[in-house]
Each structure stands twice: as structure tokens, then as C-alpha cells.
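Only one structure is covered here, and it is reproduced in the block below.
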Amino acid sequence: MLNIIICGAPGCGKGTQSDLMVAKYELKHLSTGDLLRSEIDKKTTLGLEAESFISKGNLVPDKMILDILSSAIDEQTKHSKGIILDGFPRNVAQAEALEALMTKLNKEITLLIDLHVDNQELITRLIKRGETSGRSDDNMETIKKRLEIYEKKTAPVSEFYKNKNKYASINGMGTIDEIFERISTVIDSKR
Ligand code: AP5
Ligand code: MG
């Protein structure tokens, strides 16, 4: 089984590269951002609460994420060749909760892929996407906040997986195909 975490700053290409990994390796894509935006679109209680955090660029509370993700991970690891976690874990507490969950399910994280992109390129990509995405967080003020939160809370997750020898740093600059080639090389070395 291939259970991959794709990690990196807002706009680094997690969603884009996940789609390519899903197609090539037949994995299930679990994006916490997409799950939350689907709740927002449906105007559920959870969605309305989450939107107040997302639109300000803050992380939503861990409990909310674990509630929506735990059963999805259980379900998807049963019926697939593996999963891609996109946007989760987002802090060390979530990484610890994920480890506990995987142990309970008798499964293991294979690898964390960390995509590195220059801040200026991240901003350019997200501002461009904001022209059409309708996402409440794709504006300059919120993008800056998201980048700050990423450095403070999410970047330490890399250390957590480096210590477990399950870490791969990937250059996320270049064309989508070039980046996917780099990711594929790393994944193929783990299969
Ligand atoms: P989330 O949805 O995870 O957003 P994010 O991390 O900010 O990342 P994005 O989805 O914006 O970017 P991406 O890396 O997927 O890049 P993409 O492929 O789209 O989270 C949103 C919010 O939800 C968080 O801020 C938080 O509030 C909450 N949340 C989510 N998970 C949480 C958790 N676990 N705990 C707590 N809160 C949580 O690419 C970006 C753009 O660039 C696209 O337009 C794409 O077409 C383009 N692009 C991609 N690759 C390239 C390339 N190589 N060259 C040029 N353009 C490119
Ligand atoms: Mg995304």
C-alpha cells in the first residue's frame, strides 16, 4: 500500500499533483480543504463554522478535522491501493493523531512529499486562481496570513516525518509535468 502525505505551502501544487498521482498510482485523494469547502457549499453547521476560520487564513480546530477525516481514512484504506492526504496533517498535534489512527487501523504512512516553491511564485499562482476560484481565502491579505500560519504551524510537521525517515523534499518550481516526474521518481523508489 502507498499512503502518501503531500505537504507544502498554500499554492505549492498539492491538489494539482494529487490528481496526477491518483491517475498513475490508483490512490484515493483525501483533501481536508476540499472536504471543508464541500461542507461550506452545502451550508452545513460544520461548513459555516469552518468558513469563519478559512476566510481569515487560520486553521480550523483539530477536532473538526479529525471528525471528518478519521472515518474517511478508515473507509478509503480498506478499499484502495492507498491514499493521498492533502492538507493534513497541518500541525504536529494532527501528525500525532494520524499516527495513532494509522496504528489502530494497522496501516502505515509510506512517505511525506514536501513541495518547495518560492513565496513570490506561490502568491502569483494564488492571486491568479483567485480570479476564478471563488475561494474566500484567495486574496492578498488572507494569502499572507496563510503563508505565516504555514511557516509557524505546518512546516514543523516535516521534522516529524524526517525523524521517521519518511520524508522527501521536492522542488515544486517548473512545469506541472516536470514536478510530477520528480514525485514519481521518489514514489517509485519506495514501491
Ligand atoms: P487547503 O485547501 O489545503 O489550501 P492550501 O494548503 O492553502 O493550498 P491550496 O489548495 O490553495 O493550494 P495547493 O497546494 O493545493 O495548490 P494547487 O494545486 O491548487 O486549505 C484551505 C484552508 O482550509 C486552510 O487555510 C485552513 O483554514 C483549512 N484547513 C484545511 N486543512 C486543514 C487542516 N488539516 N487543519 C486545519 N485547517 C485546515 O495549485 C495552486 C494554483 O497554482 C492552481 O491554480 C494551479 O492550477 C496552479 N499551479 C499548480 N502547479 C503549477 C505549476 N507548476 N506552475 C504554475 N501554476 C501551477
Ligand atoms: Mg489544494
To check my understanding: the extent here is largest minus smallest coordinate of the Cα atoms along each principal axis. What are those three numbers for the chain, in Å, largest first?
40, 38, 29
Can you compute the helix-only [θ] at 222 nm over the chain? Use -39500 (n - 2.57) per DSSP H run of at least 4 residues, normalise by all residues, nearest 500 deg cm²/dmol.
-18000 deg cm²/dmol
Residue-normalised accessible area of segment 1-71, expressed per residue, 1.4 Å probe, Å²
45
Which FRET efficiency value, to the nearest 0.05, is calculated for Asp118 and Asp19 with the Förster distance at 30 angstrom and r the Cβ-Cβ distance?
0.85
To the nearest 20 debye, the chain has a Cα-centred charge dipole, built from +1 on Lys and Arg Cβ and -1 on Asp and Glu Cβ, of 260
Which FRET efficiency, nearest 0.05, do Glu148 and Ile176 yield, Cβ-Cβ r, R0 35 Å?
0.85
Of Lys24/Lys145; Lys28/Lys166; Lys145/Lys190; Lys63/Lys107, pairs whose Cα-Cα distance is over 24 Å
Lys24/Lys145; Lys145/Lys190
Cross-link reach list, aspartates and glutamates versus Lys43, counting only Cα pairs under 15 Å and skipping chain neighbours closer than eight places:
Asp34, Glu51
How much of the accessible area of segment 1-98, probe 1.4 Å, is carbon plus sulfur, in whole percent?
53
Between Glu26 and Glu141, what's the calculated FRET efficiency when r is the beta-carbon distance and R0 is 35 Å? Round to 0.05.
0.35
Could you state the accessible area per residue of segment 145-191 in Å², with a 1.4 Å probe and every protein chain left in place?
60
Projected onto the charge dipole of segment 35-161 (unit charges on the beta-carbon of Lys, Arg, Asp and Glu, signs +1, +1, -1, -1), the Cα from Leu46, Thr154, His79 with the largest positive-side position is that of Leu46
Cα-based convex hull volume of segment 91-191 per residue, rounded to whole Å³
132
Selection of GluC sites (Glu not before Pro), segment 62-158, meeting DSSP coil and at most 14 other Cβ within 10 Å:
Glu108
Report, by chain and number, residues whose modeled amide H sits under 5 Å from the one on Asn3, excluding near sequence neighbours (fewer than 5 apart, same chain).
Ile83, Thr110, Leu111
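The values are calculated or read from the model by the stated rules, or taken from the named source; none is laboratory data. Just so you know, these numbers come straight off a predicted model, no measurement behind them. As a convention, Cβ positions derive from the backbone with ideal geometry for all residues, glycine included, and neighbour counts pool all protein chains shown. For accessibility, only protein heavy atoms count, side chains too; no ligands or nucleic acids. Shrake-Rupley method; radii C 1.70, N 1.55, O 1.52, S 1.80 Å.
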